[in-house]
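The values are calculated or read from the model by the stated rules, or taken from the named source; none is laboratory data. Here the structure is a predicted model, which is why all the values come from computation and not from measurement. Cβ atoms come from the backbone with ideal geometry, glycine included; neighbour counts cover every protein chain shown. Each accessible area value is taken on the protein alone, full model and side chains, heavy atoms only, with ligands, DNA and RNA left out. Shrake-Rupley method; radii C 1.70, N 1.55, O 1.52, S 1.80 Å.
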Amino acid sequence: MNKKVSSYIFGALLIVFGLIFILSPESAFETIVLIAGISLIVYGGLKILLALKSDNPYASYTVAGSIFSIIFGIILIGNQNAAIKVIPILLGIWLLISGITTLLFLLKTNSDRKLIIRPVLKIIVGAIAFLLPVIPIIATGIVLGVILILSGITTIMNIKDEEVIYKVKVKK
């Protein structure tokens, strides 16, 4: 399959998934919750293993956030309906703990100051998610659906632009 055909297929799939998100945001979000739960369990487990194998005495600062990642992942998988209702609160707590522990780790190890931006952003987003848990899942599904549709349209439109880029006239 050539690049052009695969790009059309990928763009069409993005549009289809976007429509699914818009038409049924709850069920689409349930799937995302399941995938997020599995990902958090794997992420937390790997971070704990890396902290245990690390020679750095400050690596233990990441274990608290990793344990919370595993607990959050188990909650997401175990009871999706309840999890969907409390996701903003739990996500806010997880981001706050993860951001604070990462920030403490970076400050203790005198790491590059540019690395501090990410944990500070985690803390800010975590505080917002914790303090404003009334963000409806339906709105999230619709926004994600629109983003997927726009991405699909952009992917398909870029195929035509790529064709024009390669056409070059040479003067003799």
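The table below gives the values:
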quantity	calculated
For the range 63-135: accessible area per residue (Å², 1.4 Å)	57 Å²
Reference-scaled alpha-carbon Rg (2.2 N^0.38 Å with N residues) for the chain	1.36
Residue-averaged 222 nm ellipticity for the chain, from DSSP H runs of 4+ at -39500 (n - 2.57), nearest 500	-29000 deg cm²/dmol
Charge dipole (the chain, unit charges on Cβ, about Cα centre) - positive-most of N81, G99, T31	G99
log10 of Debye I(q)/I(0), alpha-carbon scatterers only, for the range 1-46 at 0.14, 0.18 Å⁻¹	-0.54, -0.71
Per residue Cα convex hull volume in Å³ - calculated over the range 42-127	77 Å³
Subset of K85/K122; K47/K85; K85/K114 violating a 25 Å alpha-carbon distance limit	K47/K85; K85/K114
Cα centre as origin, Lys/Arg/Asp/Glu Cβ charges: the range 25-162 dipole, Debye	440 debye
Accessible surface of the range 1-119 [probe 1.4 Å, protein heavy atoms]: carbon and sulfur percent	72 percent
Difference of contour (0.36 nm per residue) and Cα-Cα distance, N56 to L115	19.5 nm
Full-extension gain in nm, I20 to K3, via 0.36 nm per residue minus C-alpha separation	3.6 nm
C-alpha long axis of helix 117-131 to longest principal axis of the chain, angle in °	80 degrees
